[in-house]
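The values are calculated or read from the model by the stated rules, or taken from the named source; none is laboratory data. These numbers were taken from a predicted model, which means no experiment stands behind them. Every residue, glycine as well, gets a Cβ built from its backbone with ideal geometry; the counts of neighbours run over all protein chains shown.
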């Protein structure tokens, strides 16, 4: 993968870099996208009708089981070269923020530390009433586990349709976009708001926008650099070009 010298130089000189990642990054690790996860028993269900507060109210056990199945899929996946390259990049830049729309936790497993999870994390569970994270729970027959504190049902710590993003995470993402000198937009369709607004915030603040995606997106025409290849190929090459051994 050939990286433009001007981009490599800009990355090497940058004091502040932000990254926005989407499903394309994790797809290279074998994590199925939201819709691709509908296989086997789950092929008969519309994922948009499972990932809602109303679905959980109507049939909490069905929703709990779907997410338990998806957690097992994610647990089998390993961070890929793109995830690892971002962890290396974080160590080279004084102000670095990794904003992700993914819920699989692979960025943290790869070694990234300053991660903003806009849509939550499928590996975590929280109380449906108090929103507190629950580290341990007991599966009891065909019942959805309950919070030991208040007795409410437990649920995945992810953002469902019809729910707003966590305010703290969204604010952190917007702040990072507005102060960065370079924004890498990696493996995302750039169509889902409010995350899709982050490149515009960065651009208006004078940042260089770099799109890394095998496919064109609505962002492509506005990006300063467009690298048409998978993240697993581009990101390691980008780090190597910025800091050649």
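Quick notes
- Where residue 165 falls short, out of the listed (1) within 21 Å of residue 97 (Cα to Cα); (2) outside any helix (DSSP H, G or I); (3) touching a strand residue (DSSP E or B) at 6+ places or on another chain (Cβ under 7 Å): (3)
- Selected residue [closer than 18 Å to residue 8 by Cα and in a helix (DSSP H, G or I)] from 184, 238: 238
- Qualifying residue in region 110-117 (condition: in a strand (DSSP E or B) and either out of contact with any strand residue (DSSP E or B) (no Cβ under 9 Å at 6 or more places or on another chain) or touching a residue at least 40 places away in the same chain (Cβ under 8 Å) (or both)): yes
- Whichever residue in region 68-126 is surrounded by fewer than 21 Cβ atoms within 10 Å (Cβ to Cβ), under 14 Å from the mean Cα position of the chain (by Cα) and farther than 22 Å from residue 198 by Cβ and, among such residues, is modelled with the lowest pLDDT: 123
- Being under 20 Å from residue 22 (Cβ atoms), in a helix (DSSP H, G or I) and in contact (Cβ under 8 Å) with a residue 24 or more places away in the chain is a property that does not hold for residue 98.
- Considered as a group, the residues in region 201-229 that are touching a helix residue (DSSP H, G or I) at 6+ places or on another chain (Cβ under 7 Å) and part of a loop (DSSP other than H, G, I, E, B) include one that is nearest to residue 7 (Cα to Cα), and that residue is 213.
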